[in-house]
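Below: one structure, written as structure tokens.
The values are calculated or read from the model by the stated rules, or taken from the named source; none is laboratory data. Just so we're clear, the structure is a prediction, and the values are computed from it rather than from any experiment. FYI the Cβ positions are ideal-geometry reconstructions off the backbone, even for glycines, and counts take in every protein chain you see.
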Ligand SMILES: [Zn+2]
Ligand SMILES: [Zn+2]
């Protein structure tokens with residue numbers, strides 16, 4: 001299977017989304033499936049873990065002024081400056097941007113693939129859904 005086929009769930013489908021107040025909207029094509037990330041960054045930014053889908057930069061069109069904040073030397077988070085909705089995560093090392101699944105209007109067609117960064121998850125909850133778990137990243141080919 002070609003790499004593109006793994007990333008593109010349905011290359012023809014355009015997903016739309018927005019922040020809570022509607023000041024930031026986006027269109028995204030060829031989204032990856034959804035992963036739950038339990039890393040330290042996600043935990044502190046949201047209070048729990050995040051659900052996010054990846055999109056190649058060229059396939060993402062954002063309207064509105066996203067408030068990009070540096071959260072590490074290599075990554076930044078994107079929020080709505082008006083309502084604070086956390087919508088995007090961007091790392092300089094990746095050719096994709098993560099879109100938080102909660103901001104996508106209709107996630108029909110996207111599946112949850114599993115959990116990443118479980119080594120950093122909070123001790124106050126257990127993962128019980130039976131999906132694959134990875135201490136850091138899944139091995140190449142399963143994303
Ligand atoms: Zn907003
Ligand atoms: Zn994370």
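Assorted remarks:
- Tally, over region 47-69, of residues that are outside any strand (DSSP E or B) and within 16 Å of ligand 1 (Cβ to nearest atom): 3
- Candidates 33, 58, filtered to the one that is out of contact with any strand residue (DSSP E or B) (no Cβ under 7 Å at 6 or more places or on another chain) and within 28 Å of residue 136 (Cβ to Cβ): 58
- Only residues that are part of a loop (DSSP other than H, G, I, E, B) and either touching a strand residue (DSSP E or B) at 6+ places or on another chain (Cβ under 9 Å) or closer than 30 Å to residue 65 by Cβ (or both) were counted in region 87-137, giving 21.
- Filtering region 121-140 to residues that are over 16 Å from residue 51 (Cβ atoms), touching a helix residue (DSSP H, G or I) at 6+ places or on another chain (Cβ under 7 Å) and at pLDDT 95 or above leaves only 135.
- Residue in region 19-29 that is touching a helix residue (DSSP H, G or I) at 6+ places or on another chain (Cβ under 7 Å) and within 16 Å of ligand 1 (Cβ to nearest atom) present: yes
- The C-beta contact set for region 27-44 (first residue under 20 Å from residue 71 (Cα atoms), second residue within 16 Å of ligand 2 (Cβ to nearest atom) and part of a helix (DSSP H, G or I), distance under 8 angstrom, 6+ apart or interchain) comprises 38/118; 38/120; 39/120; 40/120; 43/120.
- Test: residue 13 is within 16 Å of ligand 1 (Cβ to nearest atom) and over 30 Å from residue 124 (Cβ atoms): no
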